[in-house]
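Novice: One structure, as structure tokens, below. Some questions next.
The values are calculated or read from the model by the stated rules, or taken from the named source; none is laboratory data. All values reported here derive from a predicted model rather than from experimental measurement. So basically every Cβ, Gly included, is an ideal-geometry build from the backbone, and we count neighbours across all protein chains shown.
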Amino acid sequence: MNPLPPVDVEPHPWRGLAWLTRRECHRVLKLWKQTILAPVISSLLFILVFGVSLGDSIAEVNGFAYEIFIVPGLIAMAMAQSAYSNNSSTIFQARNDRYLDDILSAPMSAWQVHLGYIAGGAMRSLIIGAVLAALALPLTGAPLEQPLALALAVLLTITSFGALGIIVGIYAQSWDNQSFINNIVILPLIFLGGVFYSVSRLGSPWEQISHLNPLFYVVEAVRYGFLGSADVSPLLSLGVVAVITFALVAWAQFLFSTGHRLKP
Amino acid sequence: MDQPATTTGLRTAGAAPVALSIHGLTKRYADGTLALEDLNLEIPAGSFFGLLGPNGAGKTTLIGAVCNLIRLSGGEISVFGQPGGSMAARRMIGIAEQEPNLDKFLTVYETLLYHGGYYGMDRSEASERAEQMIDAFDLRAKRDVEAPKLSGGMRRRLLLARALLHRPRLVILDEPTAGVDLELRHELWRYIRSLHEQGTTILLTTHYLEEAEALCDEIALISGGHIVARDSAEGLKQSFGVDTLEEVYLRTVAGGRITLAEGLEEIAGDAGPAGADPVDDGQAG
């Protein structure tokens, strides 16, 4: 077969973004046992063991049965971790195997590449969140009081943790770097952010110290969406999460725009 | 060292349209390595241009700069008149890198399909083109096989197919035949030649001097981040008063420190036991 002559075609501005998003979703679905099934099972085990099994022996928290109280925090934790780990691993792998070059040399702007990667992690998080909610709400009887606030909290959570994953994936020198951030930073901060307890029950100074934990506001924002009440005002929790999201997205965008750490 | 045919990559004659224009290109890496220093190069549209040089001469850095894969320390690049790194410039370039950098989660077909998408094609156009390239590069039997499961030769075919999928005006081939068998090498040569005949500008880097001599209209020799000579293969040989391109290569990139006999001796030593083909070993510098 003879090759065809070159052509000049103006690329459609959105197609590159759409295809990168699709590629990221393709990867998530291809690895569904690892990317979706495993985090759903581990979160469900937390709900079953800590909530359903031990719930009867624990008094109500903020007027909710314990198994209901912990559901929003566990869903928030699963979604945040999956957005982070998805994006950190996909970026690091693309850098490490250098197939990221196919993206960087394509006619796509920095924000399109950024958004494409965010979308992959977001899709994975939304699937996990939806499956967990579909299983946990009927199982525990947890309500869904403020769907709009919940939608906003979820959007900010998956965007912020997706951007954090991108940043770590760009800076990481090895696979260990990513799991280090997840295991040593994100997981402890989420646990200490009141997933399993109400921070308001902690005495001084632990309650005040807990308010310095940014992940506390993520948990509280999602909890407000489900239960309609939380330890802090939804405006404060959503506002803090929005500021964190803005800062992380700006940082990730800076890395894509300048090529810092992505290009030698 | 003898006087080279042309000591700059810039051409002085003719008003032929320029495919790639590089002025004052400098790249210093974070560790302080100066890979390219005030490099100038113009490649006419429609030419088949060879870039030769030893490892570390700056070939891959130069290609990375053109393809938006490295950050420039200084200088300007334009591709068919469009600023380097712009969307329009990127659309006109197809690159097959030296190392097979294929997405491990995609099959052969998907690799091509998604590449077309990244370059702005719609699904039906990208799909049709992917099937064409699968046939053109004899990848039909491996269409649904993931990249990591392909042999080295098949990966090389896929890299080239991917580079050409969006029908770029400037195709950059970084050592496209490194590590492939003789049969595939000649097959790729045939395809690249016919691509050139269709009007595509080709920039080829290679360690195989006979490959550059057989394919390229013009050859530039790069050493230490500078273009040290540039002309047709015949022009270079005449300018240096030598019989082979190897001798030109040794006199320029080795700074005249190595004679052909010494160079070949060194190559034979590097290549191992008797019978090794010094050129095929890619150690001609």
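Novice: Identify the residue in region A:52-98 that is touching a residue at least 40 places away in the same chain (Cβ under 8 Å), β-branched (Val, Ile, Thr) and over 14 Å from A:Gln178 (Cα atoms) and, among all such residues, is surrounded by the most Cβ atoms within 10 Å (Cβ to Cβ).
Specialist: In this case the residue turns out to be A:Ile75.
Novice: On the given criteria, is B:Glu218 surrounded by fewer than 23 Cβ atoms within 10 Å (Cβ to Cβ) and either more than 29 Å from B:Arg91 (Cα to Cα) or not assigned by TED's automatic domain parsing to the domain that holds B:Thr26 (or both)?
Specialist: So B:Glu218 does not fit the description; no.
Novice: Which one of B:Ile192, B:Ile222, B:Ile172 is within 23 Å of B:Ala19 (Cα to Cα) and either at pLDDT 95 or above or out of contact with any strand residue (DSSP E or B) (no Cβ under 9 Å at 6 or more places or on another chain) (or both)?
Specialist: B:Ile172
Novice: Which one of the conditions (1) buried (at least 17 other Cβ atoms within 10 Å of the Cβ); (2) farther than 25 Å from B:Ile22 by Cβ; (3) within 9 Å of chain A (Cβ to nearest Cβ); (4) in contact (Cβ under 8 Å) with a residue 24 or more places away in the chain does B:Lys104 fail to meet, given that it meets all the rest?
Specialist: (1)
Novice: Of all residues in region B:1-34, count the ones that are within 17 Å of the chain's Cα centre (by Cα) and modelled with pLDDT of 95 or more.
Specialist: Summing the residues that are within 17 Å of the chain's Cα centre (by Cα) and modelled with pLDDT of 95 or more in region B:1-34 gives 4.
Novice: Given B:Ile134, B:Ile70, which one is more than 10 Å from every other protein chain (Cβ to nearest Cβ) and in contact (Cβ under 8 Å) with a residue 24 or more places away in the chain?
Specialist: Unique residue meeting the criteria: B:Ile134.
Novice: Next question, about the same structure. Out of all the residues in region B:87-126, which are out of contact with any strand residue (DSSP E or B) (no Cβ under 8 Å at 6 or more places or on another chain) and small (Gly, Ala, Ser)?
Specialist: B:Gly116, B:Gly117, B:Gly120, B:Ser124, B:Ala126
Novice: Which numbered condition trips up B:Tyr118, out of (1) in the same structural domain as B:Glu213 (by TED's automatic domain parsing); (2) among the aromatic types (Phe, Trp, Tyr); (3) in contact with a Phe, Trp or Tyr (Cβ under 7 Å, 6 or more places away or on another chain)?
Specialist: Failing condition for B:Tyr118: (1).
Novice: Hey, can you tell me all the residues within region B:119-156 that are of a type in the set (Ser, Thr, Tyr) and surrounded by fewer than 21 Cβ atoms within 10 Å (Cβ to Cβ)?
Specialist: Across region B:119-156, the qualifying residues are B:Ser124, B:Ser127, B:Ser151.
Novice: Within region A:158-172, does at least one residue satisfy the condition of being modelled with pLDDT of 95 or more, farther than 13 Å from A:Ala83 by Cβ, hydroxyl-bearing (Ser, Thr, Tyr) and touching a helix residue (DSSP H, G or I) at 6+ places or on another chain (Cβ under 8 Å)?
Specialist: Yes, because at least one residue in region A:158-172 is modelled with pLDDT of 95 or more, farther than 13 Å from A:Ala83 by Cβ, hydroxyl-bearing (Ser, Thr, Tyr) and touching a helix residue (DSSP H, G or I) at 6+ places or on another chain (Cβ under 8 Å).
Novice: Then there's this: Just name the residue that is surrounded by the fewest Cβ atoms within 10 Å (Cβ to Cβ) out of those in region B:191-215 that are more than 14 Å from chain A (Cβ to nearest Cβ) and under 27 Å from B:Thr26 (Cα atoms).
Specialist: Of everything passing the filter in region B:191-215, B:Tyr208 is surrounded by the fewest Cβ atoms within 10 Å (Cβ to Cβ).
Novice: How many residues, within region B:107-131, are farther than 17 Å from B:Leu164 by Cβ, at the interface with chain A (Cβ under 10 Å from one of its Cβ atoms) and small (Gly, Ala, Ser)?
Specialist: The qualifying residues number 0.
Novice: To continue, here is another question. Among residues belonging to region A:105-144 that are surrounded by 17 or more Cβ atoms within 10 Å (Cβ to Cβ) and more than 23 Å from A:Leu20 (Cα to Cα), point out the one that is modelled with the lowest pLDDT.
Specialist: This residue is A:Thr140.
Novice: Now for a different question. Please specify each residue of region B:136-152 satisfying the condition of being closer than 20 Å to B:Ser194 by Cβ and either within 24 Å of the chain's Cα centre (by Cα) or hydroxyl-bearing (Ser, Thr, Tyr) (or both).
Specialist: To start, the set of residues in region B:136-152 that are closer than 20 Å to B:Ser194 by Cβ comprises B:136-140.
Of everything in region B:136-152, those that are closer than 20 Å to B:Ser194 by Cβ and either within 24 Å of the chain's Cα centre (by Cα) or hydroxyl-bearing (Ser, Thr, Tyr) (or both) turn out to be B:Ala136, B:Phe137, B:Asp138, B:Leu139.
Novice: Right, another one. Name the single residue that is farthest from A:Asp101 (Cα to Cα) among those in region A:205-258 being crowded, with 19+ Cβ neighbours inside 10 Å and within 14 Å of chain B (Cβ to nearest Cβ).
Specialist: Among residues in region A:205-258 that are crowded, with 19+ Cβ neighbours inside 10 Å and within 14 Å of chain B (Cβ to nearest Cβ), the one farthest from A:Asp101 (Cα to Cα) is A:Leu255.
Novice: Take the residues in region B:16-69 that are touching a His at 6+ places or on another chain (Cβ under 7 Å) and closer than 18 Å to B:Val228 by Cα; name whichever of them is surrounded by the most Cβ atoms within 10 Å (Cβ to Cβ).
Specialist: Residue satisfying both the conditions and the ranking: B:Leu39.
Novice: Taking region B:73-97 only, how many residues are more than 7 Å from chain A (Cβ to nearest Cβ), touching a Gly at 6+ places or on another chain (Cβ under 8 Å) and either part of a helix (DSSP H, G or I) or hydroxyl-bearing (Ser, Thr, Tyr) (or both)?
Specialist: Matching residues across region B:73-97 total 1.
Novice: Pick out the one residue from B:Phe105, B:Phe80 that is of a type in the set (A, V, I, L, M, F, W, C), assigned by TED's automatic domain parsing to the domain that holds B:Gly225 and over 17 Å from the mean Cα position of the chain (by Cα).
Specialist: Sole residue among the options that is of a type in the set (A, V, I, L, M, F, W, C), assigned by TED's automatic domain parsing to the domain that holds B:Gly225 and over 17 Å from the mean Cα position of the chain (by Cα): B:Phe80.
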